[in-house]
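*Asks:* Can you read through this structure? Questions will come right after.
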Amino acid sequence: MLERYKLLKEYAGPIDLKYMSYQELINLAEEVRDYILEVTAKNGGHVAPGLGVVELTIALLRVFDPPSDVIVWDIGHQAYPWKILTDRKEKFPTLRQYGGISGFLRREESVYDAFGAGHSSTSISAALGFRKAMDLLDQKGYVVAVIGDGAMTAGMAFEALNNAGHLRPNRFIVILNDNEMSISPNVGAISTYLSKILSGRFVQETRQRVKRLLEHISGVSRIAKLTEEFLKGLISPGIIFEELGFNYIGPVNGHDLQALERTLENIKSIEGPVLLHIYTKKGKGYKPAENDPVTWHGVAPYKRESGEFIKKPSPPTWTSIFGKAVVELAQMYPDLVVITPAMREGSGLVEFSQKFPERFFDVGIAEQHACTFAGGLAAQGLKPIAAYYSTFLQRAYDQVIHDIALQNLHVVFAIDRGGLVGDDGPTHHGVFDLSYLRCIPNMVVSAPKDEQELRDLLYTAINSHGPFAIRYPRGPAYGVPTEGFKEVPIGSWEMLVEGEDAVILAVGYTVYQALKASEMLKEEGIKVGVVNARFVKPMDDSMLAHLCKTYPVFITVEDNVIVGGFGAGVLEWLSQKGILKRVLTIGVPDRFIEHGNQNLLRSLVGIDGEGIANRVREFLRPLKSSELHIL
Ligand SMILES: Cc1ncc(C[n+]2csc(CCOP(=O)(O)OP(=O)(O)O)c2C)c(N)n1
Ligand SMILES: CC(=O)[C@@H](O)[C@H](O)COP(=O)(O)O
Ligand SMILES: [Mg+2]
């Protein structure tokens with residue numbers, strides 16, 4: 001694929017950039033954009049973010065010398081130009097493919113990837129860590145964090161700014177890449193403030209305010225005039241960052257390579273921490289992405305010429321089932337409100353936000369705030385649904401325990417992307433939530449087997465009390481017809497198939513896989529029952545007691561780590577009752593699962609139908625005399 005690029009073809013690495021003319025660099029930037037489009041058209045991925053930082057990437061590689069100068073990208077979803085222009089131009093076509101390079105930065109992937117990410121707002125903290133270590137080691141390199149305006153709305157970013165402003169390190173630069181977009185248009189007061197700076201409104205409005213103030217001071221108009229002029233000089237649009245101890249520079253056009261380079265060179269000699277505010281266009285250079293950066297934030301494969309997505313016919317996604325159900329429930333329950341930490345589209349909440357704008361809260365990338373904010377809403381008697389990706393809920397773990405569960409507040413956690421998610425890989429797999437939620441007192445933890453049960457669990461949750469979590473997978477459901485809502489008795493399981501030799505207790509996505517496995521094994525004369533264990537907490541005591549009497553072997557299956565998961569819960573139940581039982585727990589092993597096609601990963605960890613059947617067959621085969629010792 002590189003053959004088509006005159007400059008990229010010969011490009012050997014960042015050192016080449018220092019010897020290229022500006023015209024060549026402009027041409028190279030075009031080739032990098034084209035290459036990103038060529039590869040993401042086939043693989044999918046984060047298109048608009050990377051297109052917006054091509055010039056910034058070139059400027060960084062010309063002005064600094066990574067890896068001795070440390071460049072830390074926030075999230076890393078925008079780092080496709082970085083991968084291409086550092087040391088992965090040949091591997092770039094394997095982007096987000098199983099066995100290929102990651103869609104985010106990873107230390108183990110390249111020496112140029114100083115710090116891994118995928119979750120937002122970590123770059124300034126990590127960069128400050130690098131900086132202080134380099135100071136202690138007397139290493140003179142520069143440290144640069146590149147953070148987006150969306151990521152800058154997270155508390156963690158301000159924790160880091162606050163600490164950096166206190167430590168006041170030299171050779172420490174934060175570049176705020178402001179494209180006025182998170183995934184959705186950016187939200188919050190910080191975003192409004194930044195937009196004012198970009199539009200020049202901040203200084204104008206402040207000057208007007210100062211002018212009005214001064215004009216009201218009678219008899220001192222001349223002094224007032226002088227003071228106004230003085231104040232004009234003082235008012236830096238980046239006053240918030242200045243007050244945090246940073247030298248604010250900007251805003252600078254993030255697509256003007258020469259301006260960027262000149263500014264970065266000048267910044268190198270400034271004492272103390274510097275915040276460089278640049279403005280860029282998300283999706284720059286590709287009209288469909290420029291015109292619709294929300295959709296083109298992250299996409300499936302597409303036709304490059306038309307920008308049309310290559311849609312495979314599939315049942316509605318779990319996300320769309322949730323989005324539709326929550327709109328219906330909102331009509332039934334006027335006190336129902338919904339909160340999302342910057343994932344309106346991803347969580348299926350666009351329709352809800354349009355129909356019930358006053359009951360919809362996108363709080364920005366602020367998972368901790370979102371949770372406790374939901375707690376306040378619940379404490380005052382509303383019915384909040386806090387919609388999270390499983391992996392992002394990890395960031396609000398203390399709030400779930402301390403603010404919600406301990407006070408037994410009625411918050412419904414709608415947890416999307418539960419289980420292996422696929423191409424986004426280990427930073428995004430939602431494979432810990434059954435473990436990290438199950439151990440919290442008062443918490444109900446549930447997982448639907450299909451679309452109708454998702455609706456019913458939502459309805460049950462809305463009508464329950466205390467914290468109630470419902471987790472469901474990324475991607476298409478099963479196309480099960482859905483109609484209305486019905487209450488599901490909390491803690492009740494569902495016997496789907498009776499057997500004799502063993503019974504599979506399956507959770508969520510794995511229920512239909514367990515049914516497939518049971519069918520396969522039946523053809524071999526192995527009779528395996530299947531139970532829909534839709535409540536991981538509380539478990540169904542009476543069903544478990546019945547199963548103990550009826551089945552010699554238990555198999556548990558979950559799209560969650562085995563450690564501390566549902567299977568562990570069943571083992572705990574048995575041990576509490578003093579019951580001896582052969583139990584096989586199937587789930588995600590105790591290691592991070594790489595990126596790749598979602599169903600391929602499920603098959604690799606053995607939680608799909610065939611994988612379950614293989615494990616059960618192996619577990620049930622008669623033991624050879626040499627193996628009896630394991631009994
Ligand atoms: C903790 C966390 N919450 C949510 C996300 C999902 N997410 C990925 S990129 C993104 C928007 C980031 O906006 P910005 O930092 O401005 O970068 P841009 O895409 O505009 O370049 C969000 C919300 C995440 N990666 N991490
Ligand atoms: C970078 C990031 O965190 C999001 O863009 C995430 O990749 C979205 O995941 P989905 O594609 O599952 O919505
Ligand atoms: Mg942005």
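*Asks:* Out of all DSSP beta bridges in the chain, what portion is antiparallel? Express it as a percent rounded to 5. List each step's numbers first, then the result.
*Replies:* Working: 11 of 66 bridges.
The answer is about 15 percent antiparallel.
*Asks:* Sticking with this structure for a sec: Collect residues whose amide H, placed 1.01 Å from N in the peptide plane, falls under 5 Å from the amide H of residue 383; neighbours closer than 5 in sequence don't count.
*Replies:* Answer set, sorted by chain and number: 336, 337.
*Asks:* Based on Cβ point charges of +1 for Lys and Arg and -1 for Asp and Glu, what charge dipole magnitude is obtained for the chain about its Cα centre, in debye rounded to the nearest 20? Could you put the intermediate results ahead of the total?
*Replies:* Values: 66 positive and 74 negative charges, 104 e Å.
Charge dipole, the chain, about its Cα centre: 500 debye, nearest 20.
*Asks:* Let me ask you something else. Add +1 for every Lys or Arg and -1 for every Asp or Glu among the other residues with Cβ under 14 Å from the Cβ of residue 166, and state the total. Don't skip to the end; give the middle numbers.
*Replies:* On the way: positive: 131, 132, 168; negative: 159, 243.
It works out to a net charge of +1.
*Asks:* Can you tell me how the chain classifies by the Cα gyration tensor, rounded, prolate or oblate, using a/c under 1.5 as the rounded cut?
*Replies:* Numbers: a/c = 2.22, a/b = 1.62, b/c = 1.37.
Cα axes put the chain in the prolate bin.
*Asks:* For the ranges 424-431, 495-502, 380-387, what's the packing order if you count other beta-carbon atoms within 10 Å of each residue, average per peptide, and put the highest first? Could you put the intermediate results ahead of the total?
*Replies:* Details: 424-431: 23.1, 495-502: 16.1, 380-387: 21.4.
So the order, starting with the most tightly packed, is 424-431, 380-387, 495-502.
*Asks:* Also, I was wondering about something else. For the stretch 522-599, what is the per residue volume of the convex hull drawn over the alpha-carbon atoms, in cubic angstrom? Display every interim value, and only then the final one.
*Replies:* Details: hull volume 10.1 nm³, N = 78.
Roughly 129 Å³ of hull volume per residue.
*Asks:* I need two numbers for the stretch 54-102: Rg to one decimal and Dmax as a whole number, Cα atoms only, in Å.
*Replies:* Cα radius of gyration and Dmax of the stretch 54-102 are 11.4, 34 Å respectively.
*Asks:* HN-Hα J couplings of the stretch 270-279 from phi, Karplus 6.51/-1.76/1.60, θ = phi - 60°, integer Hz, Gly and Pro as x?
*Replies:* 7, 6, x, x, 10, 10, 9, 9, 10, 10
*Asks:* Right, here's the next one. Set the bar at 23 Å for Cα to Cα. Now go through 83/140; 42/91; 9/91; 355/383 and name every pair that lies beyond it. List each step's numbers first, then the result.
*Replies:* Details: 83/140 25 Å; 42/91 14 Å; 9/91 13 Å; 355/383 17 Å.
Cα-Cα > 23 Å for 83/140; rest within.
*Asks:* Along the Cα-to-C-beta direction of residue 498, a point sits 7 Å from the Cα; which residues of the stretch 553-582 have their amide N less than 14 Å from that point?
*Replies:* From the stretch 553-582, the list is empty.
*Asks:* Residues of the chain: accessible area per residue at 1.4 Å, in Å²? It would help to have the intermediate numbers written out before the result.
*Replies:* Values: 25770 Å² over 631 residues.
On a per-residue basis, the chain sits at 41 Å².
*Asks:* Is the stretch 67-215 best put as rounded, prolate or oblate by its Cα gyration tensor, with a ≥ b ≥ c the root eigenvalues, rounded for a/c under 1.5, and otherwise prolate when a/b is larger than b/c, oblate when not?
*Replies:* Working: a/c = 2.71, a/b = 1.57, b/c = 1.73.
The shape class here is oblate.
*Asks:* A further question on this structure: Around residue 252, which amide H atoms from residues at least 5 apart in sequence, or from another chain, sit under 5 Å from its own amide H, with H modelled in the peptide plane?
*Replies:* Residues meeting the criterion, in which the H sits 1.01 Å from N, are 277, 278, 279.
*Asks:* Sticking with this structure for a sec: Using a 10 Å cut-off on Cβ atoms, rank the peptides 159-172, 356-369 from the highest mean neighbour count down.
*Replies:* Numbers: 159-172: 17.9, 356-369: 19.9.
Put in order of decreasing packing, that is 356-369, 159-172.
*Asks:* How much FRET efficiency would the formula 1/(1 + (r/R0)^6) give for residue 170 and residue 12, where r is the Cβ-Cβ distance and R0 is 45 Å, rounded to 0.05?
*Replies:* On the way: r = 32 Å, r/R0 = 0.72.
Calculated transfer efficiency: 0.90.
*Asks:* Further, regarding this structure: 7 Å from Cα along Cα→Cβ at both residue 550 and residue 209: what's the point-to-point distance in nm?
*Replies:* Computed distance between label sites residue 550 and residue 209 equals 6.9 nm.
*Asks:* How high is the FRET efficiency between residue 227 and residue 163 when r is their beta carbon distance and R₀ equals 25 Å, given to the nearest 0.05? It would help to have the intermediate numbers written out before the result.
*Replies:* Values: r = 35 Å, r/R0 = 1.40.
The formula returns an efficiency of 0.10 here.
*Asks:* What relative contact order, as a whole-number percentage, does the chain give when Cα pairs under 8 Å and 6 or more residues apart are counted?
*Replies:* Reported as a whole number, the value is 11 percent.
*Asks:* Based on DSSP H runs of at least 4 residues, each adding -39500 (n - 2.57), what is the mean residue ellipticity at 222 nm of the chain after dividing by all its residues, to the nearest 500 deg cm²/dmol?
*Replies:* On the way: 24 runs with 247 residues, N = 631.
Counting only the DSSP helices, I get -11500 deg cm²/dmol.
*Asks:* In whole Hz, with x marking every Gly and Pro, tabulate ³J(HN,Hα) for the stretch 114-126 from phi via Karplus 6.51 cos²θ - 1.76 cosθ + 1.60, θ = phi - 60°.
*Replies:* 5, 8, x, 7, x, 8, 7, 6, 9, 5, 5, 4, 5
*Asks:* Under 19 Å Cα to Cα from residue 527, which lysines show up? Leave out anything in the same chain fewer than 8 places away.
*Replies:* Within the straight-line limit of under 19 Å, residue 527 reaches these lysines: 516, 549, 581.
*Asks:* Once you sort the root eigenvalues of the Cα gyration tensor of the stretch 326-395 as a ≥ b ≥ c, which label holds: rounded (a/c under 1.5), prolate (a/b larger than b/c) or oblate (the other case)?
*Replies:* Values: a/c = 2.00, a/b = 1.22, b/c = 1.63.
Oblate.
*Asks:* What list of ³J(HN,Hα) values in whole Hz, one per residue of the stretch 399-409 in order, does the Karplus curve 6.51 cos²θ - 1.76 cosθ + 1.60 (θ = phi - 60°) give from phi, with Gly and Pro shown as x?
*Replies:* In residue order, the calculated couplings are 5, 4, 6, 6, 9, 9, 5, 4, 9, 6, 7 Hz.
*Asks:* Under unit Cβ charges (Lys, Arg +1; Asp, Glu -1), what dipole magnitude, rounded to 20 debye, does the stretch 497-627 have relative to its Cα centre?
*Replies:* Numbers: 15 positive and 17 negative charges, 52 e Å.
Computed about the Cα centre, the dipole is about 240 debye.
*Asks:* Can you list the residues, at least 5 places off or on another chain, whose amide H is less than 5 Å from the amide H of residue 446, using H built in the peptide plane?
*Replies:* 469, 470, 471, 536
*Asks:* Keeping the other protein chains in place, figure out the carbon and sulfur percent of the accessible area of the chain, with a 1.4 Å probe. Kindly include the intermediate steps, with their values, before the conclusion.
*Replies:* Values: 14250 of 25770 Å².
Summing carbon and sulfur atoms, their accessible area is 55 percent of the total for the chain.
*Asks:* Could you order 183, 462 so the one with the most accessible surface comes first? Probe is 1.4 Å. Provide the component values of the computation, followed by the final result.
*Replies:* Values: 183 35, 462 0 Å².
Ranked from most to least accessible, the order is 183, 462.
*Asks:* As an exercise, identify the GluC sites (Glu not before Pro) in the stretch 60-112 lying in DSSP coil whose Cβ has no more than 13 other Cβ atoms within 10 Å. Could you put the intermediate results ahead of the total?
*Replies:* Working: sites: 90, 108, 109; in loops: 90, 108, 109.
Those satisfying the criteria are 90, 108.
*Asks:* Would you please put 333-341, 552-560 in order of how densely packed they are, using the mean number of other Cβ atoms within 10 angstrom per residue and starting with the highest? Walk me through the numbers on the way to the answer.
*Replies:* Working: 333-341: 21.0, 552-560: 25.6.
Highest mean packing first, the order is 552-560, 333-341.
*Asks:* I'd like to know which of 579, 182, 612 lies farthest towards the positive end of the charge dipole of the chain, counting +1 on Cβ of Lys and Arg and -1 on Cβ of Asp and Glu.
*Replies:* Ranked along the dipole, the leading option is 182.
*Asks:* Next up: FRET efficiency for residue 242 and residue 68, Cβ-Cβ distance as r, R0 = 30 Å, nearest 0.05?
*Replies:* Numbers: r = 30 Å, r/R0 = 0.98.
Approximately 0.50, to the nearest 0.05.
The values are calculated or read from the model by the stated rules, or taken from the named source; none is laboratory data. None of the values given here were measured: they were computed from a predicted structure. So basically every Cβ, Gly included, is an ideal-geometry build from the backbone, and we count neighbours across all protein chains shown. Please note that ligands, DNA and RNA were not included when accessible areas were found on the heavy atoms of the full protein model with its side chains. Shrake-Rupley method; radii C 1.70, N 1.55, O 1.52, S 1.80 Å.
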